[in-house]
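**Q** Take a look at this one; I'll ask things after.
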Amino acid sequence: MEQIHPDITDVLLNEDDIKEIVLCMGNQITADYEGKNPLIVAVLRGAFMFTADLMRAIQTDCGVDFMAVSSYGDGAKSSGVVRIIKDLDTKIEGRDVIIAEDILDSGLTLSYLIKALSARHPKSIEIAAFLEKDIKGKRPAVTPRYVGAHVPDAFVVGYGLDFAECYRNLPYIGVLKPEVYS
Ligand code: XMP
Ligand code: MG
């Protein structure tokens, strides 16, 4: 049995669950983008692991580029201010773009990104979110075309997701003990 990190209360998705989810998302994208060569835009840092796995599950030509944004800093609550820390190197005008994001929480990050990237006139822009948090209340109009799994309104880490740059290496998605961040 694999050791679970002592700061984790529950494992929501284990490695097998993750594999199955990502394969399913890859198959959907393959079917939808046959012959289109979409650009996968990975939102760093949280989505790096998901993006690497998703790319390998997509069986049609696609490219990848990276953006880094920050809405959380080192905290566990969205600050409401999204900053672009690293921009794309690729021109996206006329290109089909798929934003690969680790988790849709308040929706602030993705609604900001959609606005910023739409202004560059891509042919299309869609979201592939590995996780969607089931939050109470409304979020901005962000509708991911692809969602891997829903998670409860708790702070989750692992598989690329961090708290204060920790836990990204955990191979599963787990709920972080509240006493770690409160
Ligand atoms: P928003 O609130 O803008 O959040 O939709 C998106 C970004 O915030 C981070 N985030 C989390 N990171 N566990 C994490 O490790 C979480 O439960 C969580 N909720 C939001 C994440 O970087 C995401 O891109
Ligand atoms: Mg983060």
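The values are calculated or read from the model by the stated rules, or taken from the named source; none is laboratory data. What you are looking at is a predicted structure, and each value in this text was computed from that prediction instead of being measured. Each accessible area value is taken on the protein alone, full model and side chains, heavy atoms only, with ligands, DNA and RNA left out. Shrake-Rupley method; radii C 1.70, N 1.55, O 1.52, S 1.80 Å.
**Q** Which of these, Val22, Val142, Val97, has the largest mean-square fluctuation under a Gaussian network model of the chain (Cα springs below 10 Å)?
**A** Result for the chain, Cα springs under 10 Å: Val142 fluctuates most.
**Q** What accessible area per residue comes out for the stretch 15-151, rounded to a whole number of Å², with a 1.4 Å probe? Before the final figure, lay out each step's value.
**A** Details: 6940 Å² over 137 residues.
I get 51 Å² per residue for the stretch 15-151.
**Q** With the full set of protein chains in place, find how many percent of the accessible area of the stretch 41-182 is carbon and sulfur; take the probe as 1.4 Å. Walk me through the intermediate numbers first.
**A** On the way: 3540 of 6790 Å².
The nonpolar share, carbon plus sulfur, comes to 52 percent.
**Q** Further question on the same structure: Using the Kirkwood radius over Cα pairs, work out the Stokes-Einstein diffusion coefficient for the stretch 15-151 at 10 °C and 1.306 mPa s, in µm²/s as a whole number.
**A** Details: Rh = 15.1 Å.
After rounding, the answer is 105 µm²/s.
**Q** Using a Cα-Cα cut-off of under 24 Å, which lysines could be cross-linked to Lys133, ignoring same-chain neighbours fewer than 8 residues away?
**A** Lys19, Lys77, Lys115, Lys177
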